[in-house]
Structures are given as structure tokens and as C-alpha cells.
Amino acid sequence: MKTPEPAVASVPAVEPVRAASPQPGPTRQQLAAAARTFSLLSPPVRLHLVWFAIQGEYDVGTLADCAGVSVATASQHLGKLRIAGLITVHRHGRRHIYTVDDPHVRTLVGQIFAHIAPDGTLAPDGTLDPVAAGG
């Protein structure tokens, strides 16, 4: 006796999903500027300095101590970040005080740390609390 072949369910053909035309993309100038911004933030020490400057107003010595680098190293990085407009500086007596005033920079840095757990793994579902994650 021949074993009957299992019935194969007929699967209806699936129409390809056609998304609406995407919105016009960023200009070449915007792409270049965004790439430069990300490039400026790519060294961990710079990102660390920006993170601290988001938390408050600090002089270069305090930022250097917090980031674990020399004052000369922090000063060089802060200068590049200031020229790029990512960090602001004002004088308080003889000291230069650094902070991040731009809400876009604050959001960008906060969002990346909300996306990355303390152990370096990604939290793509947004379950991390940026404050608990150090942001």
C-alpha cells in the first residue's frame, strides 16, 4: 500500500509591498556636515567630554579629570569641539567654562547612550532609561 503524500497547503501569492516614494533626502551638503559631526564625536574621549559638558558647566581641568585625560589632551579636543559648534565656552574670571547649549547635540548624545547598555550591548527596543544608563 502506498503512503499518501501529505497535503500541501496552497499559499496565496503575496503582492510585493510598495512603499510610498520616500521623502526627498538630505542634500549633499547636509550629508557631508552630518558625517563631519559624527566624525568629530567618534573618538571616545571627545564623546566623553561632550557627555560631561552636557551634565553641567565645567573648566578644562575638571573635564580632564572626569574623562581621565591630561589637561592638554582635553584642551585640544575641546577646542575642536568648540570650533565645530558642538560645545560652547565662556569665561568666568580667568577660567574657560565649557558646556553644551545646543539642544540637538544634547538629544543626539542622550539618544545614543539610551540605545547602548552599560555593558556596550545595544538596546534597540528603547528599554534603557537614559538617566540610569548614565545619560
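Collect the residues in segment 75-87 that are out of contact with any helix residue (DSSP H, G or I) (no Cβ under 7 Å at 6 or more places or on another chain) and either among the β-branched types (Val, Ile, Thr) or more than 16 Å from Asp65 (Cα to Cα) (or both), keeping them in residue-number order.
Matches in segment 75-87: Gly79, Arg82, Ile83, Gly85.
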In segment 1-35, which residues are at pLDDT below 60 and either closer than 29 Å to Gly85 by Cβ or aromatic (Phe, Trp, Tyr) (or both)? none
Take segment 32-53 and flag every residue that is open to solvent by 30 Å² or more (accessible area, probe 1.4 Å) and among the small types (Gly, Ala, Ser). Ala32, Ala33, Ala34, Ala35, Ser39, Ser42
Inside segment 75-86, can you point out the residues that are crowded, with 20+ Cβ neighbours inside 10 Å, farther than 13 Å from His96 by Cα and free of Cβ contacts under 8 Å to residues at least 40 places away in the same chain? His77
Of everything in segment 54-74 that's out of contact with any helix residue (DSSP H, G or I) (no Cβ under 7 Å at 6 or more places or on another chain) and open to solvent by less than 40 Å² (accessible area, probe 1.4 Å), which residue is nearest to Leu108 (Cα to Cα)? Gly56
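The values are calculated or read from the model by the stated rules, or taken from the named source; none is laboratory data. This structure is a prediction, so every number in the text was calculated from the model and none was measured. Don't worry about glycine lacking a Cβ; one is built from the backbone with ideal geometry, like all the others, and counts go over all protein chains shown. Side chains included, ligands, DNA and RNA excluded: accessible areas come from the protein's heavy atoms. Shrake-Rupley method; radii C 1.70, N 1.55, O 1.52, S 1.80 Å.
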